[in-house]
Structure formats: structure tokens, C-alpha cells
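Student: Before we start, here is the structure in question, set down as C-alpha cells.
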Amino acid sequence: MPLVTILVLLVLKHLPATQHLPLSRVAGVVAFGYAAFLAMRLMQTEQAVFIDGWSELRPSMVEYATAYGAGALALLLMFAVTFAGWHSGGAQGVMAAFIASLGLGFGAIAIGVTSIFVRVRWNHRELEYRGAFGQVKRIAWSDVKSCRPNWRGITISTHDRQRVTFSQFHSGAAELARHATNRARRNLESATKAFASL
């Protein structure tokens, strides 16, 4: 995806309508950001944190850096548009900076709400999810039906249609996904055996 983004930016740089925008610099920022993302992923531990009998997911450095970096860049762009006299550079440039600032700001908020301020932990009996706005879900392992990746992360579903979605970038996410997949398989085997014995 980052390579596609860089290629699109470089193609847009050569179109008459957008050639005056600093798209080559944006492509450089995207390339640098992706390199930093890969470096932080390599340094991240894959184990969950164990506290008082519970295993707990923790947000990764990638999520912190992305959320706070996007928020800081959004503020910087908004400051430049509002106070630093970008209005002298043309309406199209000001509009592009304003839209980029809003996009970065909303992106930072979305990452915070869905990843950083979410708490997911589990023990041998159940999975507990605490959302950014205080909502709490508890799922017994005996009710787990499936564990599947999707565009938002990894989703654990139950037979009564409860769902918990967590970020695949969290430390311990792979461990929790393996555990949930094993539990879903065991639950299916138990249900199949019970049905066959009828």
C-alpha cells in the first residue's frame, strides 16, 4: 500500500492541475514513515503482558507514533494555514493543507479511540474488552465461534453474535488470536461430538 501511495503521488506531481503542490515531499514523508513503521514493528515484543492472572494486550510503538505524529502534524498544518501566511501561496495550496490537516486529525482520533485507549485482557475463563468510552464486553471462551482478521484488525465472534475487535498491531495480538482460534476449534469439535451422540 505505501508503494502504491508513493506512485500515485509521483504521477499526480506530473499532472498540470496538481504539479505545483509539494507532492514529491509528501511521497518522501510516506516513504520515511513506512521505514519507521517497519523498524518499530521489528523492535516490538509479540508477548502479552501478564498482570494478576490476566494476559493483557498493549498498544504498540507504531500506534503511539502514528497517532501522536498525525495529531502533531495536523496541528502544525492548521497553524501554518491559519497564522503563517499560507494564504499568500494560493487558494489551492491552502485548501490542500486544510484538508490534509483535517484528515490527519481525524486519523489520529480514530487510532486513539480504536487502539490506544482500548483495553483487552483474558484469562482461562473469559475475554474482557473495555472500550475508549467505557463500554465493557465479557465473552466466555466456551461461547467463541470464530476468530478472523479484517480491515479493522482481528475480530472474535460468539454464537450469540457478540463481537470483539482488537488491533493486530498490539503487543500480544498474535498470541490472543491463536488462543481464540484454538478455542473456537475446540468448541466446534465439542458441538460436533455432542450432535453426533444424539
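The values are calculated or read from the model by the stated rules, or taken from the named source; none is laboratory data. Keep in mind that what you see is a predicted model, and the values were worked out from it rather than measured. Methodologically, a virtual Cβ is constructed for each residue, glycine included, from the backbone with ideal geometry; neighbour enumeration extends over all protein chains shown.
Student: Quick one: Thr82 ticks every box in (1) over 17 Å from the mean Cα position of the chain (by Cα); (2) within 30 Å of Asn187 (Cα to Cα); (3) of a type in the set (S, T, N, Q) bar one, so which box is it?
Tutor: With respect to (1) over 17 Å from the mean Cα position of the chain (by Cα); (2) within 30 Å of Asn187 (Cα to Cα); (3) of a type in the set (S, T, N, Q), Thr82 is out only on (2).
Student: Consider Lys193 against the criteria (1) free of Cβ contacts under 8 Å to residues at least 12 places away in the same chain; (2) under 18 Å from Arg121 (Cα atoms): it satisfies all of them except one. Which criterion is unmet?
Tutor: (2)
Student: Sticking with this one: With the structure loaded, tell me whether Ile6 is of a type outside the set (S, T, N, Q), out of contact with any Leu (no Cβ under 8 Å at 6 or more places or on another chain), assigned to a helix (DSSP H, G or I) and closer than 25 Å to Gly112 by Cβ or whether it fails that test. Even if it seems obvious, please write down each step before you answer.
Tutor: On the way: of a type outside the set (S, T, N, Q): yes; out of contact with any Leu (no Cβ under 8 Å at 6 or more places or on another chain): yes; assigned to a helix (DSSP H, G or I): yes; closer than 25 Å to Gly112 by Cβ: no.
The answer is no for Ile6.
Student: How many residues are closer than 17 Å to Trp54 by Cα and in a strand (DSSP E or B) if we restrict to the stretch 117-156?
Tutor: Total satisfying the criteria: 14.
Student: Of all residues in the stretch 1-21, count the ones that are surrounded by 14 or more Cβ atoms within 10 Å (Cβ to Cβ) and either within 26 Å of the chain's Cα centre (by Cα) or free of Cβ contacts under 8 Å to residues at least 60 places away in the same chain (or both). Write out each step before concluding.
Tutor: Taking the stretch 1-21 and keeping what is surrounded by 14 or more Cβ atoms within 10 Å (Cβ to Cβ), we get 2, 5-6, 9, 12-13, 18, 21.
Filter once more, keeping what is either within 26 Å of the chain's Cα centre (by Cα) or free of Cβ contacts under 8 Å to residues at least 60 places away in the same chain (or both): 2, 5-6, 9, 12-13, 18.
Of the residues in that region, 7 qualify.
Student: Of the conditions (1) touching a Pro at 6+ places or on another chain (Cβ under 9 Å); (2) within 13 Å of His170 (Cβ to Cβ), Gln47 fails just one. Which one is it?
Tutor: The one condition Gln47 does not meet is (1).
Student: So Ala96 fits all but one of (1) out of contact with any Gly (no Cβ under 9 Å at 6 or more places or on another chain); (2) more than 24 Å from Ala72 (Cβ to Cβ); what number is the exception?
Tutor: Status for Ala96: all satisfied but (2).
Student: Could you give every pair whose Cβ atoms fall below 7 Å, whose first residue belongs to the stretch 173-184 and is closer than 15 Å to Asn123 by Cβ, and whose second residue is surrounded by fewer than 20 Cβ atoms within 10 Å (Cβ to Cβ) and charged (D, E, K, R), counting only separations of at least 6 or pairs across chains?
Tutor: Within 7 Å, the pairs are Glu175/Glu46.
Student: While we're looking at this one, here's another question. Could you check how many residues of the stretch 1-35 are at pLDDT below 80 and aromatic (Phe, Trp, Tyr)?
Tutor: Adding up the residues that qualify gives 0.
Listed here are the residues, each with its yes/no results for (1) surrounded by 17 or more Cβ atoms within 10 Å (Cβ to Cβ); (2) in contact with an Asp or Glu (Cβ under 7 Å, 6 or more places away or on another chain); (3) in a strand (DSSP E or B).
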site	(1), (2), (3)
Thr45	no, no, no
Ala67	yes, no, no
Gly71	yes, no, no
Ser115	yes, yes, no
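Student: Name the pairs: first residue in the stretch 103-119 and touching a residue at least 40 places away in the same chain (Cβ under 8 Å) and over 13 Å from Leu57 (Cβ atoms), second residue in a helix (DSSP H, G or I) and aromatic (Phe, Trp, Tyr), Cβ to Cβ under 8 Å, at least 6 apart or on different chains?
Tutor: The qualifying pairs are Ala108/Tyr68.
Student: OK, next. Which residue is farthest from Leu176 (Cα to Cα), if the candidates are limited to the stretch 130-150 and must be among the hydrophobic types (A, V, I, L, M, F, W, C) and either more than 19 Å from the chain's Cα centre (by Cα) or modelled with pLDDT under 90 (or both)?
Tutor: In the first step, residues of the stretch 130-150 are kept if they are among the hydrophobic types (A, V, I, L, M, F, W, C); the result is 132-133, 136, 139-141, 144, 147.
Add one more test, that the residue is either more than 19 Å from the chain's Cα centre (by Cα) or modelled with pLDDT under 90 (or both), and what stays is 136, 139-141, 144.
Values: Val136: 18, Ile139: 13, Ala140: 14, Trp141: 12, Val144: 13 Å.
Here the answer is Val136.
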